Amino acid sequence: MTFGLDSGVTPRQVHAITRELSPAIARCELTHLAREPLDYARALAQHASYEQLLAALGMHVTRLPAEPDLPDAVFVEDTAIVLDELAVITHPGAPARRPEVTAVEGALRRWRSLVHIKPPATLDGGDVLQVGRTLYVGLSSRSNQAAATQLRQLLSPLEYRVETVEVRGCLHLKSAVTAVNAALLVLNPAWCDQAAFGDIAKVEIDPTEAFAANVLHLDDGVIMDAAYPKTAARLRSQGVVVRTLDLSELAKAEGAVTCCSLVFSVGTHGTA
Ligand code: GLY
C-alpha cells in the first residue's frame, strides 16, 4: 500500500519504501545483542509511527506486505543501495535474509534500473554509507571486501568513489556512523576508525549512548531514536534539526531508524 502526500506532478518527490513488520520478528537474526522478549503489538505501533512521520514530512511511503517467513524483512535498508542513477540490489550476509531482496527489487524496478551484487560478495545495505559521491563500505560480519570491489566496478563509471571501513563491535557500519548531511557525520569512535572519513566534520555520540550514531538524514535535519537525548543535544548544539521517535522494540531486533526504510528522490536529482 502507499500513503503520504500525493500531489500529482511535483518536481522532486521523496519516496520511502518500508515493509510491514513480520509476525516472526521475534526469531530475527541477532549478532551483538542478547535475545529479549519483544512486544509485537508495541513494535507494530512504533513502526507505524515511523511510517507516519515519514509521510508527515512529505515522503511518499510505499509499504510492502509483511513476510511471515522472513523475520528481519522489516529492515529493508539491507536489501538495496538506491542512488540517483540506479539501485544496487544486495546479496545479504545472513543467508536467511537473502530472500528479502525479491520484493524490494520488484518495487524498485518502477523507479530505478537495477544492478546486482553477486556471490562470493556479501553486502548489507546497512554497511553502505553515502556521503556525496563517496560510498563507504563497512567490512563487517555481513559485508566483505569482494562486495566493495564489485560496487567499485559497478559505480566507478558513474563517478562514485568506494572506500572501505573496518567495523568492530556492532552489526553494521551505519550502527557506528551516519551522515547528518554531506558535511557532517555522527559517529561512535569505539566502533569505527574516524580517520577513514578524512576531514569531514564529526559529532561523537555521548559515550553513554552507544547506539546513537544511527540517524536518518532529511533535507532539513535528522530523525533519531528518542533513547539518545544526550547525543540529540550534541547535534542540536550544532544547529541540526532533530526529530525523535521511539523504536525501542525494533532496537531489540538490532534495528534502528535507517534500517526501516529506503529513501530516495524521484524527479530532479539531488544528493541522496
Ligand atoms: N536483526 C537484524 C539483522 O541481524 O540483520
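Readers should treat all values here as calculations from the given coordinates under stated rules, not as data from a laboratory. Quantities reported herein were computed from a predicted structural model and do not represent experimental measurements. Every residue, glycine among them, receives a Cβ derived from its backbone with ideal geometry; neighbour counts consider all protein chains shown.
Evaluate the distance, in nm, between pseudo-label points positioned 7 Å from the Cα of Ser113 and of Asp219 along their respective Cα→Cβ axes.
Roughly 2.7 nm, to one decimal.
Distance from the Cα centre of the range 70-103 to that of the range 191-219, in angstrom?
Answer, in whole Å: 23.
Give me the net charge of Arg133's neighbourhood, meaning all other residues with Cβ under 12 Å from the Cβ of Arg133; Lys, Arg count +1, Asp, Glu -1.
Residues close to Arg133 contribute a combined charge of -3.
Rounded to the nearest 5, what % of the DSSP beta bridges within the chain are antiparallel ones?
50 percent
Skipping prolines and chain starts, which residues have an amide H placed within reach, meaning under 5 Å, of the one on Val203, given they are 5 or more residues away or on another chain?
Leu185, Val186, Leu187
For the chain, which semi-axes, largest first and in whole Å, follow from the square roots of 5 times the eigenvalues of its Cα gyration tensor?
In descending order the semi-axes read 23, 22, 21 Å.
For Leu135, what residues show an amide H to amide H distance below 5 Å, using hydrogens built from the backbone and excluding near sequence neighbours?
Arg161, Val162, Glu163
Full-extension gain between Ala195 and Asp69, please, as 0.36 nm times their residue separation minus the C-alpha to C-alpha distance.
Contour length minus the Cα-Cα distance gives 41.3 nm.
For the chain, modelled as a Gaussian network with Cα springs under 10 Å, which listed residue fluctuates most, Ser143, Ser156, Ser261?
Ser156
Checking the table Lys118/Lys252; Lys202/Lys252; Lys202/Lys230 against a 19 Å threshold on Cα-Cα, which pairs fail?
Going by Cα-Cα distance, Lys118/Lys252; Lys202/Lys252 fall outside the 19 Å limit.
Restricting to the range 121-272, what percent of DSSP beta bridges are antiparallel, rounded to 5?
Around 45 percent antiparallel, to the nearest 5.
Given the C-alpha centroids of the range 133-183 and the range 227-244, what is the distance between them in whole angstrom?
First find each Cα centre; the distance between them is then 25 Å.
Once whole DSSP H runs in the chain are found, which of them have Cα atoms spread over 18 Å or more along the helix axis and a mean Kyte-Doolittle score of at least -0.5?
40-56
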